[in-house]
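For reference, the structure discussed in these notes is given below.
Computed from the coordinates by the stated procedures, all read-outs in this text should not be read as laboratory data. Quick caveat: nothing in here was measured; it's all calculated off a predicted structure. Cβ placement follows ideal geometry from the backbone for every residue including glycine, while neighbour counts extend to all protein chains displayed.
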Amino acid sequence: MTSDPIFDWKPYKDGSRCYLGNRRFGHVIPDAKHPKMWRAVTLTGKLSDMANLTRARDAVMRAAVLELGNETLYSLGNKGSFSAETVPDSKRPWGPRHD
């Protein structure tokens, strides 16, 4: 997931922050005790376990995709019933179906 071109990483403090357009998601910071280890930080301030940089960024991006998916499903839910099969491809932040 870390090679996903949708998300943009910009320097932030000692680490980097994840963006989708102008929208900000979590960020990664270096671990205070272990060199070359990182921690993901969500917008709510939750700190992840230690991981290498690739895995820490992946955790932030996965949380962002879940948040975007929940928002999409919530907005569709206000317009009637839905399921994963009825969500139109244009509204899927995770991409089109591959049936």
Simple spin-label estimate for Lys13/His34, 7 Å along Cα→Cβ, in nm, reads 1.9 nm
Spacing of the two label points (7 Å from each Cα toward its C-beta) at Asn70 and Thr42, in nm:
0.6 nm
